[in-house]
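Asker: Before we start, here is the structure in question, set down as structure tokens.
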Amino acid sequence: MILRLFFIAAILFIIELYAYQVIKTLIKVKWALISYQLISLFLFVFILYSFTQFDRSVGQTKQTMFTMGLLLVVYLPKIVAMIVLLGEDVFRLAEGVINYFIGNKSNVNFLPSRRKFVSQIGLGLASIPFLSLIYGIFEGKYNFKVIKQAIYFPDLPAAFNGFTITQISDVHSGSFDNPEKINYAIDLVNEQNSDMILFTGDIVNTHAKEMHPWLETFNRIKPHKYGKFSVLGNHDYGEYVTWPSQHAKDKNFQDIKNLYGQIGFQLMLNEHTFIEKDGDKIALVGVENWGRNFKQAGDLKKASQNLTKEDFKILMSHDPSHWNEVVQHDAKHFQLTLSGHTHGMQFGIEIPGVFKWSLAQYVYKQWAGLYENIGRYVYVNRGFGFHAYPGRVGIMPEITVIQLIKGEKLA
């Protein structure tokens, strides 16, 4: 722990040194520089101290989320400024070498002075993540978006042409702090008037009690004609904290499974059911969590027992890496998989239909929106709630409405 803390402190200190170079180049007033140093020192000590207070038996708390948010707000802009100055240092070094060997060797300073305009560029660029992160904390995390997605299937049973599904995922109720905003989101869910609603896991961060203040709110999700179904996510297993006993962990897990029923959702644990409409039917399959580098309790074979390749199947599987590594290659041909998990890392850039980027794409091949492979689709919901960083920038909380359409997709 001490070695890790020292390593973090060393990195932050280097970032601070470079950030101070920007400030020192632009500001010459002594009291302002001293004030900046004192504030930076206070934040540096506070953040390091807060990390030492993390209790693995408790897990994420409002305090740890505040610390994570503060860490990003303070140091991500400084990292941007540091990168700009590092670029300048490369040119300063090259210029110094050239001057030394082929120029005037009598110069007092080997390295040329920093250029004010470069520091101005660094400060300007640093303001972008700073303002974005502030916005994400105070506004972005509750800026719910309804995203509608039509998906075409030649083998969709005729009665289900136009069938609509609302999907929510990654609620992380332990992170919520604004009842008014959550009630607004539930109103949005109800306004979609879908035929069925599916919840693809992570109802809490860790503890079942996190959801207790929100049970009444989520019970406002109205009944849907063809049902309300759910599966578990990786956080629902309570594996990111240290438990006093296996019994306590098992009880929390059972309590979390019960939560889904308490808000009117039928929890599917490696099983399937048929949804019938006007004489036609589709299979709804729900697996427990299966993720690369995460818990792999999902059993696709068990969940789809007695189903055939010809059955039209909708699979709920929390982690999209399951689709990438297993589902899309399964001989039973799962036409549509609904996932969540990634949150789009709650930070990125999206211009609908034009451009989409997030650090999540370097971890997950399918991380937000719709993906297809020879007639098999996966839709990755960006998440309803938030975790770790108490905000969202660019990747907004999502309520998905999927419409199933029979036929070939038009070019």
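Asker: For segment 256-364, give me every one of the strands (runs of 3 or more DSSP E) that falls completely inside it and has 2 or more residues that are farther than 17 Å from R382 by Cα and not aliphatic (A, V, I, L, M).
Answerer: 271-277, 280-286
The rows are residues; the columns are (1) open to solvent by 10 Å² or more (accessible area, probe 1.4 Å); (2) modelled with pLDDT of 95 or more; (3) not hydrophobic (A, V, I, L, M, F, W, C).
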{"residue": "I263", "(1), (2), (3)": "no, yes, no"}
{"residue": "H272", "(1), (2), (3)": "yes, yes, yes"}
{"residue": "K277", "(1), (2), (3)": "yes, yes, yes"}
{"residue": "N289", "(1), (2), (3)": "no, yes, yes"}
{"residue": "L300", "(1), (2), (3)": "yes, yes, no"}
{"residue": "T308", "(1), (2), (3)": "yes, yes, yes"}
{"residue": "D319", "(1), (2), (3)": "no, yes, yes"}
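Asker: So in segment 396-408, with the set limited to residues that are over 17 Å from P320 (Cβ atoms) and outside any loop (DSSP other than H, G, I, E, B), which one is farthest from the chain's Cα centre (by Cα)?
Answerer: Once the filter is applied, the top-ranked residue is K406.
Asker: Of the residues V393, V378, only one is within 25 Å of K309 (Cα to Cα), within 19 Å of the chain's Cα centre (by Cα) and either modelled with pLDDT of 95 or more or not aromatic (F, W, Y) (or both); which?
Answerer: Exactly one residue qualifies, and that residue is V378.
Asker: Could you please find all residues in segment 93-126 being charged (D, E, K, R) and either more than 49 Å from the chain's Cα centre (by Cα) or modelled with pLDDT under 70 (or both)?
Answerer: Hit for segment 93-126 is K105, nothing else.
Asker: Given Y379, Y371, Y389, which one is more than 27 Å from K313 (Cα to Cα) and in contact with a strand residue (DSSP E or B) (Cβ under 8 Å, 6 or more places away or on another chain)?
Answerer: Exactly one residue qualifies, and that residue is Y389.
Each row is one residue, and each column tells you yes or no for (1) exposed (fewer than 14 other Cβ atoms within 10 Å of the Cβ); (2) over 26 Å from G369 (Cβ atoms); (3) among the hydroxyl-bearing types (S, T, Y).
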{"position": "Q167", "(1), (2), (3)": "no, no, no"}
{"position": "S173", "(1), (2), (3)": "no, no, yes"}
{"position": "A185", "(1), (2), (3)": "no, no, no"}
{"position": "H212", "(1), (2), (3)": "no, yes, no"}
{"position": "Y237", "(1), (2), (3)": "no, yes, yes"}
{"position": "F253", "(1), (2), (3)": "no, yes, no"}
{"position": "L269", "(1), (2), (3)": "no, yes, no"}
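Asker: Just give me the residues in segment 343-368 being open to solvent by less than 70 Å² (accessible area, probe 1.4 Å) and more than 26 Å from F138 (Cβ to Cβ), in sequence order.
Answerer: Within segment 343-368, Q361, V363, Y364, Q366 qualify.
Asker: So which residues in segment 1-42 are in contact with a Lys or Arg (Cβ under 8 Å, 6 or more places away or on another chain) and open to solvent by 40 Å² or more (accessible area, probe 1.4 Å), if there are any at all?
Answerer: Y18, Q21, L26
Asker: Mind telling me which of the residues W290, W323 ends up being farther than 20 Å from V171 by Cβ and within 22 Å of the chain's Cα centre (by Cα)?
Answerer: The unique qualifying residue is W323.
The values are calculated or read from the model by the stated rules, or taken from the named source; none is laboratory data. The structure displayed is predicted, hence computed values, not measured ones. Positions of Cβ are generated from backbone atoms using ideal geometry, with glycine treated the same way; all protein chains shown enter the neighbour counts. Each accessible area value is taken on the protein alone, full model and side chains, heavy atoms only, with ligands, DNA and RNA left out. Shrake-Rupley method; radii C 1.70, N 1.55, O 1.52, S 1.80 Å.
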